[in-house]
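Structure, as structure tokens:
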């Protein structure tokens, strides 16, 4: 009885161990027991993907990689199987992505337009993308990694993979734009050099005039502070200016008829002066002589001196004639 009980326990233990081992093999080996359909995808580089790698669609495991084969044109054809319930189209894309930092990869199948891809169909190179090359990333960040702790390097690497993986087209567009910008800057190198020279000249001038510039800033600050302190008076002045503007508007509105008449008369006066321009010119030419004569009369400051330069008489003769003899002082300068 003892041996019988022991044999039963051993048999049960072995059976459970075999079942668990089989379950682990099935789970970790990716074995599938339902119908599958085989397809192909051609890559420029499979980045170390091996048969047995998982195939995902929308983040869910739907198949496995069956085999890889190098083609004569140095591309790699990956054969993979999918559950028959998963349908892909002629426009579907295939991307190799990192599963973890150990280096495991998986094949991501994305949706696309077009008709259903038949069994054994191939996804061409333009619709496939290899995984991010971690060696290039590590080499580029080697100086940074040397100053980090191992756990920090792992976190940074995981973040880089999650950010850059699957963003090849965006990174390529970014690099293209950066190349265009650098090319434009290179073409404008002379202009940029001149601009820098002019900026240097401006800065040198500002440095030489630093005291004056400082005084200007101080005075400007004082002015702004004064205006801020007098903002009440300034506001009141603006109100008075508004009232003055209103009053002037009313005054002009009331006096508009008289102003119109004055303007009309000024127009007539201007026309009259224009018509008598010759007489006005003659008067203006003769005025200096008149001013000289007036100056002679007022030579003794506020007193005027008068001299008798000549006398003309009107005399009636016995015969009834009128005689007008003239007596002058001769050629005297003051006369």
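Values quoted throughout were computed directly from the atomic coordinates according to the rules given, and no laboratory measurement underlies them. Given the structure is predicted, the values throughout are model-derived calculations rather than measurements.
Pairs of alpha-carbon atoms within less than 8 angstrom and 6+ residues apart define the contacts here; what relative contact order does region 35-134 have, in percent?
So the answer I get is 36 percent.
Roughly speaking, what is the stretch gain from residue 228 to residue 122, that is 0.36 nm per residue apart minus the C-alpha to C-alpha distance, in nm to one decimal?
Once the chain is fully extended between residue 228 and residue 122, it gains 30.4 nm.
Can you give the Rg and Dmax of region 36-95 based on its C-alpha atoms, in angstrom?
In order Rg, Dmax, the Cα atoms of region 36-95 give 11.4, 33 Å.
Give the Rg/Rh ratio for region 35-134, taking Rg as the radius of gyration of the Cα atoms and Rh as the Kirkwood radius, to two decimals.
0.93
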